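Q: Please see the structure below; I have some questions.
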Amino acid sequence: MLLGGMALAQQGIIEDIRIHGNRRIPADTVRSRMFTRAGDVFDPAGLERDFNSLWNAGYFDDLRIEREESPKGWILHVYVKEKPTIREIKYIGLNAVSQSDVLDKFKERKVGLSQESQFDPTRVKKAEVVLKELLAAHGRQFAVITTEVRQIPPAAVGITFNIKEGPKVKVGVIK
């Protein structure tokens, strides 16, 4: 009985954690976000906690954890698909303000959209709002901004803000 119990306990040990699909983020960084370590007893609740911790880090578009039986217990395979990197940002049709004014405003409003940062659609939307406000402050209240995001293989994107500034609004007479 005691021997059988030891064999059962041995079956529940995590022998190794292997990371697959990472490009920029080191495997050690992925492992450091996990609570489970090699040598721990396999725990499904712990694995769920690991999944949530990795997902909430915001680095990945896709994440999957699988376990494989091994002679010593289990091998955990963590499959990740990183969010793409922003390779370039273009502003087409921007005349009323300079690109450096835009970048200063992005910094001031903490937009977090820059080359080599991770692509996040919510940051792109925030950038559009800040861009519209900046143009409105320069008399272009009717500016229309459309954004194009294109894939740049293997794991990057290019963002283009197409700006139609519209007519310049001026105050006529104040009575």
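The values are calculated or read from the model by the stated rules, or taken from the named source; none is laboratory data. Predicted, not measured: the structure shown is a model, and the values here were computed from it. Cβ atoms come from the backbone with ideal geometry, glycine included; neighbour counts cover every protein chain shown. Accessible surface areas use protein heavy atoms only, side chains included; no ligands, DNA or RNA. Shrake-Rupley method; radii C 1.70, N 1.55, O 1.52, S 1.80 Å.
Q: List every residue whose amide H lies under 5 Å from the amide H of I152, counting only residues 5 or more places away in sequence or on a different chain, with H placed 1.01 Å from N in the peptide plane.
A: Here V157, G158 satisfy the definition.
Q: Something else: How tilted is helix 2-11 with respect to the longest principal axis of the chain? Cα atoms for both, answer in degrees (0 to 90, nearest 10).
A: It is inclined by approximately 20 degrees.
Q: Simple spin-label model, 7 Å along Cα-to-Cβ: A137 to T29 in nm?
A: Between A137 and T29, the label points sit 3.3 nm apart.
Q: Same structure again: Can you compute the FRET efficiency between R37 and T122 using 1/(1 + (r/R0)^6), with r the Cβ-Cβ distance and R0 = 25 Å? Round to the nearest 0.05.
A: In this case the efficiency is close to 0.15.
Q: Given the pairs K107/K175; K107/K168; K125/K168; K83/K168; K126/K168, which span a C-alpha to C-alpha distance of over 32 angstrom in this model?
A: Going by Cα-Cα distance, K107/K175; K83/K168 fall outside the 32 Å limit.
Q: Select one label from (1) 1, 7, 11, 13, 11, 8, 5, 4, 4, 3, 3, 3, 4, 5, 6, 5, 4, 2, 1, 0; (2) 1, 7, 13, 13, 11, 9, 8, 8, 7, 6, 5, 4, 3, 2, 1, 1, 0, 0, 0, 0; (3) 1, 8, 16, 20, 18, 15, 11, 7, 3, 1, 0: the one whose number is P(r) over Cα pairs in 5 Å bins from 0, in percent as derived from the coordinates shown.
A: Only one option fits the structure, namely (2).
Q: Calculated FRET efficiency, V173 and V144, Cβ-Cβ r, R0 30 Å, to nearest 0.05?
A: The pair V173/V144 has a calculated efficiency of 0.60.
Q: With an 8 Å cut-off on Cα pairs and a minimum separation of 6 or more residues, tell me the relative contact order of the chain in percent.
A: Working: 275 pairs, mean separation 34.7, N = 175.
Relative CO of the chain lands at 20 percent.
Q: Here is a further query. How far is helix 44-56 tilted off the main Cα axis of the chain, in degrees rounded to 10, range 0 to 90?
A: Computed tilt is about 20 degrees.
Q: How do V102, V169, V41 rank by accessible surface area computed with a 1.4 Å probe, from largest to smallest?
A: V41, V169, V102
Q: I'd like to check one number: the per residue accessible area of the chain, probe 1.4 Å, reported in Å² as a whole number.
A: Value for the chain: 63 Å² per residue.
Q: Along region 101-106, what does the Karplus equation 6.51 cos²θ - 1.76 cosθ + 1.60 (θ = phi - 60°) give for ³J(HN,Hα), rounded to whole Hz, x for Gly and Pro?
A: Per residue, the Karplus-derived 3J(HN,Hα) values read 4, 4, 5, 5, 5, 4 Hz.
Q: Ok, one more. Go through region 111-119 residue by residue and turn each phi into a ³J(HN,Hα) via Karplus (6.51, -1.76, 1.60, θ = phi - 60°); whole Hz please, and just put x for glycine and proline.
A: 5, x, 10, 8, 5, 6, 8, 6, 6
Q: What angle, in degrees between 0 and 90 and rounded to the nearest 10, separates the Cα long axis of helix 121-137 from the longest principal axis of the Cα atoms of the chain?
A: Value to nearest ten degrees: 20.
Q: If amide hydrogens are placed 1.01 Å from N in the peptide plane, which non-local residues have theirs closer than 5 Å to the one on S70?
A: I75
Q: Still on this structure: Kindly work out what percent of the DSSP beta bridges joining two residues of the chain are antiparallel, to the nearest 5.
A: Expressed as a percentage, antiparallel bridges in the chain total about 60.
Q: Here's something else I'd like to know. Which ³J(HN,Hα) values in Hz, rounded to whole numbers, follow from the phi angles of region 146-153 under the Karplus curve 6.51 cos²θ - 1.76 cosθ + 1.60, where θ = phi - 60° and Gly and Pro get x?
A: For region 146-153, the Karplus-derived couplings read 10, 10, 10, 10, 10, 6, 10, x Hz, x marking Gly and Pro.
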